[in-house]
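Right, one structure below, let's go through it.
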Amino acid sequence: MAFETIIVEIEDHIALIKLNRPDAMNALNTQLLGELCDALEDADGNDKVRCIIITGSDKAFAAGADIKEMSAMSYVDVFNINLFADANDRVSAIRKPIIAAVAGYALGGGCELAMLCDFIIAADTAKFGQPEINLGVIAGLGGSQRLTRFVGKSKSMDMNLTGRFMDAEEAERAGLVSRVVPAKKLIEEATGAAQKIAEKSQITAIAAKEVVNRSYELPLSEGMLFERRVFHSMFATEDQKEGMAAFLEKRAAQFRDK
Ligand code: CO8
């Protein structure tokens, strides 16, 4: 599929999706969001892909929703197109693990897109923020909901109310990102993590993603029940037999996604 606002490379079971609107700091316009969702769905359905990475440029992962595109819209316009609901639903429905590799600005919708991924690896240049308040709007793709779950109410309020940016070190301390690496090592580190995931049984990786994500939706007792049921179901797979046998035989497991 030909894309104009993203670049997709598939190599060694990893789909690397690069947001590519350099003149607009990778602002997320309708075309980019549509192409990104199409590319994610292609990767999800492609047997060769076992893990996905979304990244941007050195300067910006994405500086938010496209302000030029939104500026003239009325309430009725955004209500009728249900602005950003489609992107939220389509990215959330991807079953394969997605890593956000963030350098530079991840602001507004950019920060929200990173949080929609399964985990975030940040370059030491990364800056996260929900500055929508400066534009007379509020977050619209999870900046008030997911961010609060990640970093707690106080820091989320601070970000959403003052519009200040959080650097990579603070983001790691607050639990927004899983690791911080030197900018020049970002893709290498993200690819290394993706490679590790790609080596696992894909059934198990998808199950692990599913159960962690349910923790955001369910009370603890229901979440524990769901986890236990999925854990039990793993014993129906050949990969569970192989994984445990390989451990006991002191050899590397040869998973077959069965
Ligand atoms: N939309 C459109 N264009 C943008 C955006 C944006 N969000 N951000 C930057 N650009 C453009 C600039 O207009 C400029 O274009 P031009 O050269 O044609 O004037 C170009 O990118 C370079 O930007 P700057 O000259 O401003 O570069 P600086 O290095 O001086 O500043 C910043 C970089 C700090 C990133 C600055 O550009 C900035 O503050 N950008 C806006 C950040 C922002 O407010 N983001 C929130 C947007 S609202 C939003 O995201 C709502 C979320 C709802 C859900 C979204 C789902 C996708």
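Note on residue 48: lysines with a C-alpha under 26 Å away, same-chain residues under 8 apart excluded, are 18, 96, 185, 196, 200, 209, 241, 258. A Cα-only calculation for the range 201-249 places Rg and Dmax at 12.4, 39 Å. Largest GNM mean-square fluctuation across 192, 140, 104, computed for the chain with C-alpha springs under 10 Å, falls on 192. Computed from the Kirkwood radius of its Cα pairs, the Stokes-Einstein diffusion coefficient for the range 128-258 at 20 °C and 1.002 mPa s stands at 120 µm²/s. Among the protein heavy atoms, those of residue 216 account for about 90 Å² of accessible surface (1.4 Å probe, every chain in place).
A simple spin-label model places pseudo-atoms 7 Å from Cα toward Cβ; at residue 69 and residue 2 they are separated by 2.0 nm. Which percentage, to the nearest 5, of the DSSP beta bridges contained in the chain is antiparallel? Just about 30 percent of them are antiparallel.
Got the relative contact order for the chain handy, in percent, Cα pairs under 8 Å and 6 or more residues apart?
Value for the chain: 16 percent.
By how many degrees, between 0 and 90 and to the nearest 10, does the Cα long axis of helix 220-233 differ from the longest principal axis of the chain? Approximately 40 degrees, to the nearest 10. What figure, in Å² to the nearest 10, do you get for the accessible area of residue 214 with a 1.4 Å probe and non-protein molecules left out? My reading of the accessible area for residue 214 is about 90 Å². Once C-alpha pairs closer than 8 Å and six or more residues apart are averaged by separation and normalised to the residue number of the range 74-208, the relative contact order reads 26 percent. In the chain, the longest principal axis of the Cα atoms and the axis of helix 186-198 are about 40 degrees apart.
Quotient of the Cα radius of gyration of the chain and 2.2 N^0.38 Å, N being its number of residues: 1.04.
The values are calculated or read from the model by the stated rules, or taken from the named source; none is laboratory data. Quick caveat, the model's predicted, so the values are computed rather than measured. Ideal geometry is used to build each Cβ from the backbone, glycine not excepted, and the neighbour counts take in all protein chains shown. These accessible areas exclude ligands, DNA and RNA; they are computed on the full protein's heavy atoms, side chains included. Shrake-Rupley method; radii C 1.70, N 1.55, O 1.52, S 1.80 Å.
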